[in-house]
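Report on the following structure.
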Amino acid sequence: MKNNLLKYLRTEILPTEFCAGCGCGTVLNIFCHVVDEMKINPDDIIMVTGIGCSSWIPSPYFSADTLHTTHGRAIAFATGVKVMKPEKHVIVIAGDGDLAGIGGNHLIHAARRNIDLTVFLVNNYIYGMTGGQVSPTTPSSVPTTTTPYGNTESPFKIAELVAAAGANYAARWTTYHIFHLKKAMKDAIQKKGFSFVEICSQCPTSYGKRIGMREGIDQLKDFRDNSIDIRKVSEYDENVLENKFIVGKIAERTRPEFTESLRKINMKFDEERA
Amino acid sequence: MGKTRKKIDIYIDKELCKGCDICIELCGENVFMKSEHINSRGYYIPIPVALDKCTGCMICELICPELAVIIEKSELVKETV
């Protein structure tokens, strides 16, 4: 028996190139479920992505119109697509190195501009594809290829950053919280304005082995045991929260959307000219 | 008279599976077991050994990184207990 969801994928290149136990596959799986349950026609989706392991989710696996862009510029390209084709669902799936590191400025300015994009940031805490270099989300004191004595920097809280920049929707879930993640992905796609879901994901090959979790399942159990609901954060001390995964919906608001405001101005000038 | 419940079948796509064991470990009812069967890429794939215990919670289908697990729920059947 074949999986019904395989119709959304480019099946000629399956099985995926992801390592065994990688969280990117789970994100792909849940995204297929979301598209199937929301009955979105894949022809109405434009996927934009950058460089990295998680950028393989839309390109090549998910079978929709896809832009595979240069490193960090996924949101810049997606902004252009959305302005020209506002009726399409423009969805960005990329990693933490791509969106938070190299394209960090694009991310916060797209959130500030509140353009109607849906962004799924698959956060595996490291530059996994290139061999495990430190990324802006790597926790302090974790040894990586470029910080062999431990990371001396503090990580970005990327979902909070996007929420503070003005996004209409921001949430964080992990690949362990599959049902919550599915709901958050649906909400993010439906929400008008910039919607952002940070998905904490396991990377057994490049990150897990450096923190003593060599299998994907070890990191999933870590997500399960060390997650705190955002509504209960006030009960904990700041230093306890440092190494926890704070999951939940961080912001939901209804600020005016960028392409709509742009179209209103265009219409105003069109009327004056007519 | 026994309880009525949905008949559940679990299929595993042997060629997509990479033997990461996530379904075996996360199943709350221990439905899966690692089998002796090796697929064409050299992975030991899991098999559902306790289908009667499956509650159809969908965790394995949703979390499988390779879309290799399919849960099929069919019409109500009466348990003969």
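The values are calculated or read from the model by the stated rules, or taken from the named source; none is laboratory data. This is a predicted model, so every value here is computed, not measured. Ideal geometry is used to build each Cβ from the backbone, glycine not excepted, and the neighbour counts take in all protein chains shown.
List of remarks:
- Residues within the range A:1-18 that are touching a Cys at 6+ places or on another chain (Cβ under 6 Å) and at the interface with another protein chain (Cβ under 7 Å from one of its Cβ atoms), tallied: 2
- Candidates A:Ser227, A:Ser234 - the one that is of a type in the set (Ser, Thr, Tyr) and closer than 26 Å to A:Met185 by Cβ: A:Ser227
- Test result for A:Val92, at pLDDT 95 or above and closer than 22 Å to A:Thr138 by Cα: yes
- Contact annotation: residue pairs with Cβ atoms under 9 Å, 6 or more positions apart or on different chains, pairing a residue in the range A:217-229 that is within 14 Å of another protein chain (Cβ to nearest Cβ) and free of Cβ contacts under 8 Å to residues at least 24 places away in the same chain with a partner that is surrounded by fewer than 16 Cβ atoms within 10 Å (Cβ to Cβ) and assigned to a loop (DSSP other than H, G, I, E, B), are A:Asp218/A:Gly212.
- Tally of residues being loosely packed, with under 12 Cβ neighbours inside 10 Å and under 28 Å from A:Glu17 (Cα atoms) across the range B:42-81: 1
- Count of the range A:166-210 residues, restricted to those that are among the hydrophobic types (A, V, I, L, M, F, W, C) and surrounded by fewer than 19 Cβ atoms within 10 Å (Cβ to Cβ), is 1.
- Residues being crowded, with 20+ Cβ neighbours inside 10 Å and more than 14 Å from chain B (Cβ to nearest Cβ) - total across the range A:27-63: 10
- Residue in the range A:236-257 that is more than 22 Å from A:Ser154 (Cα to Cα), out of contact with any Asp or Glu (no Cβ under 8 Å at 6 or more places or on another chain), part of a helix (DSSP H, G or I) and of a type in the set (Lys, Arg) present: no
- A:Ile46 falls short on exactly one of the conditions (1) at negative phi; (2) modelled with pLDDT under 95, and that condition is (2).
- Qualifying residue in the range A:236-245 (condition: more than 18 Å from the chain's Cα centre (by Cα), β-branched (Val, Ile, Thr) and crowded, with 21+ Cβ neighbours inside 10 Å): no
- For the range A:107-161, residues that are among the aromatic types (Phe, Trp, Tyr) and surrounded by 22 or more Cβ atoms within 10 Å (Cβ to Cβ) total 3.
- Odd one out for B:Lys73 among (1) in a strand (DSSP E or B); (2) away from chain A (no Cβ under 14 Å): (2)
- The strands (runs of 3 or more DSSP E) falling completely within the range A:132-229 that include 1 or more residues that are modelled with pLDDT of 95 or more, within 30 Å of A:Glu87 (Cα to Cα) and not hydrophobic (A, V, I, L, M, F, W, C) map to A:169-174, A:195-200.
- Test: A:Ala111 is in contact (Cβ under 8 Å) with a residue 24 or more places away in the chain and part of a helix (DSSP H, G or I): yes
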